[in-house]
Amino acid sequence: MEFREGLTFDDVLLVPNYSDITSRTQTDLSTRLSRNISINIPFVSANMDTVTESYMAVAMARAGGIGIIHRFLTISEQADEVLKVKRSGSVMIENPYSIDQNKTIGDAIDYATDKGISGILVIDSESKLVGIITARDLLFEPRRDVSIREIMTKDVVTAKMGVSLDDAKDILHRHRIEKLPIIDDLGTVKGLVTSKDITNAEDYPSASKDGKGRPLVGAAVGVKGDFLERTEAILDAGADAVVVDIAHGHSENAVSAVRNIKKAFPECELIAGNVATAQGTKDLISAGVDAVKVGVGSGSICITRVITGSGVPQLTAVMDCAKVGKDCDVPIISDGGTRTSGDATKALAAGASSVMVGSILGGTDESPGTVLTKNGKRFKVYRGMASLAASIGRKSKETGTISLDDDLNDYVAEGVEAMVPYKGTVTDILKQLTGGVRSGLSYCGAHTISQMQENAEFIKMSGAGFAESQPHDVSLM
Ligand code: XMP
């Protein structure tokens, strides 16, 4: 039996190369997430229940990356999260939320809360616009049983289909309003332009968007049970990419799920993982994927390697898989084990087109969950999707409760539940990450990620080299 050497980020450094870059702004971080999807920064937020729901996905897309909504929600909850992302950033929202004029104020309040919206269009039985209710109409309104016709604004300022952005802005300004319903010649509601969405579009020039100007978003599905139904629902909601999510992606289950999804939805952009070998990558590509997610046991909360003894150090895994990806023109996503911008730069230099991150983004304002305080410091929970806590959460969600008869010893966890320091907003974290990667490109003498992949020269270092690479012989403040 032969032993191969497997290396990871802390085993190597990138050898500096001559650089003609005089400012980090001369570097371009745009890359491919998958065969047909481009993003403007190489970062993807992990499909984990303590990392990515709509709030995180919106922030990721605004910064130029993409978020993958996790799958541990009911199908309709997950589709709703996708829809929230799609509605958050398009300049014109298609099929805006509306309510029938015969409903009550109480119905409108519940509807607005459920959908997370501040204003609702009011329609008649033929979907014709008859009024609008704004947040101010509903604020402190005690009369839940009264018809919404009592409080809605009937004289609504509207625009016709095809109105230009400049004209829409002009109308909003002239009438001092924030919402402009778009109607057709019959008065049927076709869309909604809001001042907030216009401002967002202008404030986030690097946002990753679909063909309609809406934020890009992906969503994960499993390989068993309702996965085809789930795929259909998230695609209907507008997901740009479907991610087949399974711990051991080089498996019969994964390959057949990929084949079935591609057969049922040939147009869908399909990513699958996780694998850690060239053969795993080849098999997923042959089954029809548009990108392969690489990383087995590398994640910060993973104990797969401890429990099963299986895995491949992440840098070697990325290099092996990226060779196959390059030959087949299928992008590779490095998933797990990225702690710093230096790790991300190494993963990209090794051939990954993008990097999926979990722990770096857990603990931000945009990650699901509340901020906890312990010994005066603030934290958020970040847990492995194969941890016992996540499994109990799923089980009680499915059954409504977890019974004492459930033998938790039957479940072998491959992840841990942890806490990560509260870190503020995703925008700040991504600024640091992308700034570091841009500098990394410059040290490699590369203007783009693909140039860095061509130029990159890795050098293996000893333990002494690693120690020298950290702050040393000083007391950190
Ligand atoms: P980081 O290092 O960014 O890793 O926190 C995030 C990735 O870890 C994977 N993941 C798991 N792996 N057991 C595992 O072996 C788990 O419970 C688990 N949960 C998440 C996943 O690939 C994620 O993107």
- Placed amide H near Met419: partners under 5 Å, 5+ positions off or other chain: Tyr382
- Note on the structure: Taking only the alpha carbons of the chain, the radius of gyration and the largest Cα-Cα distance, Dmax, both in angstrom, are 24.4, 81
- Between helix 75-89 and the chain: long-axis angle, C-alpha atoms, 0 to 90°, nearest 10: 80 degrees
- With the cut-off at 23 Å, report for the range 189-291 the share of all Cα pairs above it, as a whole percent. 37 percent
- Expressed in nanometres to one decimal, the distance between label points 7 Å along Cα→Cβ at Asp185 and Glu141 is 3.4 nm
- Item | Violating pairs (Cα-Cα greater than 31 angstrom) within the set Lys169/Lys293; Lys263/Lys293; Lys209/Lys323; Lys86/Lys423; Lys293/Lys374; Lys190/Lys431 | Lys169/Lys293; Lys293/Lys374; Lys190/Lys431
- Query: At a Förster distance of 25 Å, what's the computed FRET efficiency of Arg35 paired with Lys212, Cβ-Cβ distance as r, to 0.05?
  - Reply: 0.80
- Note on the structure: Sorted by chain and then number, the residues having a modelled amide H within less than 5 Å of the amide H of Thr8, at least 5 places away or on another chain, are Leu315
- Note on the structure: To the nearest 20 debye, the chain has a Cα-centred charge dipole, built from +1 on Lys and Arg Cβ and -1 on Asp and Glu Cβ, of 680 debye
- Query: Under a no-solvent Debye model with one identical scatterer per Cα of the range 26-91, what's log10 I(q)/I(0) at q = 0.19, 0.20, 0.22 Å⁻¹?
  - Reply: -0.73, -0.80, -0.93
- Task: Go through the range 106-121 residue by residue and turn each phi into a ³J(HN,Hα) via Karplus (6.51, -1.76, 1.60, θ = phi - 60°); whole Hz please, and just put x for glycine and proline.
- Result: x, 4, 5, 5, 4, 5, 5, 5, 4, 8, x, 10, 9, x, 10, 7
- Quick calc, Glu2 & Ser251: beta-carbon distance into FRET formula, R0 41 Å, rounding 0.05, result 0.95
- Message: Can you work out the Karplus-derived ³J(HN,Hα) for every residue in the range 137-153? Use 6.51 cos²θ - 1.76 cosθ + 1.60 with θ = phi - 60°, whole Hz, and x for glycine or proline.
- Response: 5, 8, 4, 6, 7, x, 8, 5, 8, 7, 5, 5, 4, 5, 10, 6, 7
- Task: For every other residue with a beta carbon closer than 11 angstrom to the beta carbon of Met92, add +1 if it is Lys or Arg and -1 if Asp or Glu, then tell me the sum.
- Result: +2
- Segment Ser125-Thr22, length gained on full extension (0.36 nm per residue, minus Cα span): 30.8 nm
- So for R0 = 56 Å, FRET eff. of Asn102-Asp473 from the Cβ-Cβ r, to 0.05, ends up at 0.15
- Please determine, in degrees from 0 to 90 and to the nearest 10, the orientation of helix 426-443 with respect to the longest principal axis defined by the Cα atoms of the chain, where the helix direction is its Cα long axis. 40 degrees
- Task: Can you spot the aspartates and glutamates whose alpha carbon is less than 14 Å from Lys154's alpha carbon? Ignore those fewer than 8 places along the same chain.
- Result: Asp100, Asp124, Asp137
- Query: Normalised by the number of residues in the range 6-149, what is the relative contact order in percent for Cα pairs under 8 Å and 6+ residues apart?
  - Reply: 14 percent
- Kirkwood-based shape ratio for the range 433-472, expressed as Rg/Rh from alpha carbons: 1.07
- Task: Arrange the peptides 466-475, 270-279 so that the one whose residues have, on average, the most other Cβ atoms within 10 Å appears first.
- Result: 270-279, 466-475
- Query: Hey, how many Å between the Cα centroid of the range 74-153 and the Cα centroid of the range 16-72?
  - Reply: 32 Å
- Item | Nearest 10 degrees, 0 to 90: helix 314-328 Cα axis against the chain principal axis | 70 degrees
- Non-local amide H neighbours of Gly67 (under 5 Å, H modeled in plane, Pro and chain starts lacking H): which ones? Ser45, Ala61, Gly218
- Message: Given the DSSP H assignment, sum -39500 (n - 2.57) over each helix run of at least 4 residues in the chain and divide by its residue total; what's the result at 222 nm in deg cm²/dmol, nearest 500?
- Response: -10500 deg cm²/dmol
- Relative contact order for the chain, counting Cα pairs under 8 Å that sit 6 or more residues apart, in percent: 20 percent
- Message: Whole-Hz ³J(HN,Hα) for each residue in the range 273-281, computed from phi via Karplus 6.51 cos²θ - 1.76 cosθ + 1.60 with θ = phi - 60°, x for glycine and proline: what do you get?
- Response: x, 10, 10, 9, 9, 4, 5, x, 5
- Message: Using alpha carbons only, how many angstrom separate the centre of the range 230-307 from the centre of the range 408-472?
- Response: 23 Å
- Quick one: which of 378-388, 125-135 comes out on top by average Cβ neighbours within 10 Å, and what's the full order, highest first? 378-388, 125-135
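Values quoted throughout were computed directly from the atomic coordinates according to the rules given, and no laboratory measurement underlies them. Worth saying up front: this structure is predicted, and the values here are computed from it rather than measured. Every residue, glycine as well, gets a Cβ built from its backbone with ideal geometry; the counts of neighbours run over all protein chains shown.
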